[in-house]
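Have a look at the structure below before the remarks.
The values are calculated or read from the model by the stated rules, or taken from the named source; none is laboratory data. No experiment lies behind these values; they were computed from the predicted model shown. Cβ placement follows ideal geometry from the backbone for every residue including glycine, while neighbour counts extend to all protein chains displayed.
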Amino acid sequence: MKTLTIAEKKKKQWQAISIDDIYNNHGPFEYQEYPPIVQSDSHVVLFKLPINSQMEIESYYPLHSPNNWHVDWVKMPHSPWSMYPFEEKVSEKMENGYRPRWEVIIEALQKKITSSAQLEAAIFSYNSKFSHQWNFRALHFFFFKTMKEKETEIFFENLLPKMIQLALQLPTLVTGSIPVLKKHKNTTLSMSQLQIASLLANAFLCTFPNYEIYPNVNFYRLFGAYKDDKFQRSLAVSEKLRCLIHYFRRVTSVAPQGTVTFQRRYIPLDDCPEWGKMTHQLPPLHITSVGTIESNAVGLLQVDFANKEVGGGVLDWGCVQEEIRFVICPELIVSRLFTDVLENTEALVITGIEQYSNYKGYGDYLKWNGDFIDETPRDSSGRRKTSVVAMDAYRFTNRNDQYTEQKIKRELNKAYVGFSSIESNQDNLPAIATGNWGCGAFCGDTKLKVFIQLMAATINKRSVIYFTFGDDELRDSIAEMYSHLIQLEIPIGELFILLCQYQSESANNRLSLYNFLIRKTLKKKSSGIGCTLREKVAKI
């Protein structure tokens, strides 16, 4: 048996074109897709501009005060409109049986808290109407069963008071209203990492008014995600809590200095491509079975396999690709505070996030794996040069539905919007870093989804790095199909038509998707194919 050289082993881990060709001889951070942060009618900035050369980011008073109590703005816990019922008069500000909720929050959190039971009691003192709906079993399990006694003592004696102080600084750190990124609008929001840290400290302490219009950012569901019959999954929830508490340890030790931009992208359906008429060829592809999107695609547009409610189950039981990315980069979680549910031609792009934790494992076997020092450089607006696009795949209850023209178009349009760019120069855009989007709990076909993403990427003039997450067989199968389509110069419009024909035309002979594509394309173009494909076709 031949022993592979190191070079041969590395080559075997990837197929199609090299990673160097994907980067097109650029350094990973030489792309400048996103323009500097500028306040406008469609871009709300919650800090003072311009940022000085020392990257000192100051809060300032924007156009809209935080007193807005309206569906277009986030309802803040310190808003004077946020009131709380009380039976006895304890404040001069109290009127008609109500007192300012922020006053109640301050009063509860400034008392000494030495255990998870006391933390639960403090949170319920300003959320009493949920005392019979919420439970904190996961939080208690975390401190009593998974944290060492000394770690628990340090948390309550040292870290929690710092988190409370950070949370209570909210009125001075966020001095303007936060807009809701609503459906069918291209709206952008920029804030500092310190502002995000204060917002997330409030989310941990469950201070936000609990309304169900948008994905909830309060941590109460995570605190209750424990069941005796789901013990392994409950352990994974504890590991998520480790990641989040580590984040707070970091940001309360040294205040973060950068900024983050959240951009909701919407393209009307009528403005999406007519896929059957597209004459473009498939884009350059690097496909690998090793590595991860966040670790091995620096400087590229990294895909979050999102839920239409961004973050999915990050603040609940969820523990797969999206949820893991959100807990190792917790600044992503704040997007739940102001992002309306994504519709079919919408995506959310987040630029500037920082990674704080390492991890290992996946799903129920996730483990926090220590501190991560993110050395990604910043742009001129103080953002880390890391961009994540949250785009939700369709959830199929019947796997066969994904091969219909309607559903193929839906997925193509979603990826097209996610991969689109706001940059006027479209000729030097970073590649897409993606993988098996929508192919787990959403029941998508990996072999279909890769070509849907490739087709959307080529319209946006982007190359693709595709991770199969350890699946060598999938890597090689996709690479062979890709090579075949490239050899025969199949335009994506023709590929779209063939994909739409697959379900009806292969029903009787039960051909796999790729065998069907090979057979159909070879009937049209019979020259210039390699021996491997001829042999494969002969076996069909």
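For this structure, a couple of remarks:
- Of the residues making up region 123-143, those that are in a helix (DSSP H, G or I) and either exposed (fewer than 15 other Cβ atoms within 10 Å of the Cβ) or within 31 Å of the chain's Cα centre (by Cα) (or both) are 123, 124, 128, 129, 130, 137, 138, 139, 140, 141, 142, 143.
- Entirely in region 300-373, the strands (runs of 3 or more DSSP E) that have 1 or more residues that are in contact (Cβ under 8 Å) with a residue 12 or more places away in the chain and under 17 Å from residue 187 (Cα atoms): 346-351
- Residue, surrounded by the most Cβ atoms within 10 Å (Cβ to Cβ), within region 476-509, restricted to residues that are among the hydroxyl-bearing types (Ser, Thr, Tyr) and touching a residue at least 12 places away in the same chain (Cβ under 8 Å): 482
- A single entry from 415, 433 fulfils the requirement of being within 21 Å of residue 517 (Cβ to Cβ), crowded, with 23+ Cβ neighbours inside 10 Å and touching a strand residue (DSSP E or B) at 6+ places or on another chain (Cβ under 9 Å): 415.
- Residue that is of a type outside the set (A, V, I, L, M), modelled with pLDDT of 95 or more and farther than 27 Å from residue 13 by Cβ, where the choices are 428, 413: 413
- Number of the exception - residue 49 against (1) out of contact with any strand residue (DSSP E or B) (no Cβ under 8 Å at 6 or more places or on another chain); (2) modelled with pLDDT of 80 or more; (3) more than 24 Å from residue 169 (Cα to Cα); (4) in a loop (DSSP other than H, G, I, E, B): (3)
- Failed condition for residue 473, given (1) in a loop (DSSP other than H, G, I, E, B); (2) free of Cβ contacts under 8 Å to residues at least 12 places away in the same chain: (1)
- Within region 388-400, not a single residue is touching a Pro at 6+ places or on another chain (Cβ under 8 Å) and either part of a loop (DSSP other than H, G, I, E, B) or among the polar types (S, T, N, Q) (or both).
- Out of 206, 243, sole residue that is on the phi > 0 side of the Ramachandran plot and surrounded by 21 or more Cβ atoms within 10 Å (Cβ to Cβ): 206
- Residues of region 436-463 that are surrounded by 22 or more Cβ atoms within 10 Å (Cβ to Cβ), hydrophobic (A, V, I, L, M, F, W, C) and part of a helix (DSSP H, G or I): 450, 451, 452, 454, 455, 456, 457.
Residues are listed down the side, and each one gets a yes or a no for (1) surrounded by 16 or more Cβ atoms within 10 Å (Cβ to Cβ); (2) out of contact with any Ser or Thr (no Cβ under 9 Å at 6 or more places or on another chain); (3) modelled with pLDDT of 95 or more:
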| residue | (1), (2), (3) |
| --- | --- |
| 249 | yes, yes, yes |
| 253 | no, yes, yes |
| 264 | yes, no, yes |
| 272 | yes, no, yes |
| 279 | no, yes, yes |
| 282 | yes, no, yes |
| 295 | no, yes, no |
| 298 | yes, no, no |
| 306 | yes, yes, yes |
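- Checking region 349-369 against the condition returns no match, with no residue being buried (at least 24 other Cβ atoms within 10 Å of the Cβ), under 29 Å from residue 500 (Cα atoms) and touching a Lys or Arg at 6+ places or on another chain (Cβ under 9 Å).
- Residue 162 being charged (D, E, K, R), at pLDDT 95 or above and surrounded by 23 or more Cβ atoms within 10 Å (Cβ to Cβ): no
- Residue match in region 418-425 (condition: at pLDDT 95 or above, within 16 Å of residue 307 (Cβ to Cβ) and touching an Asp or Glu at 6+ places or on another chain (Cβ under 8 Å)): no
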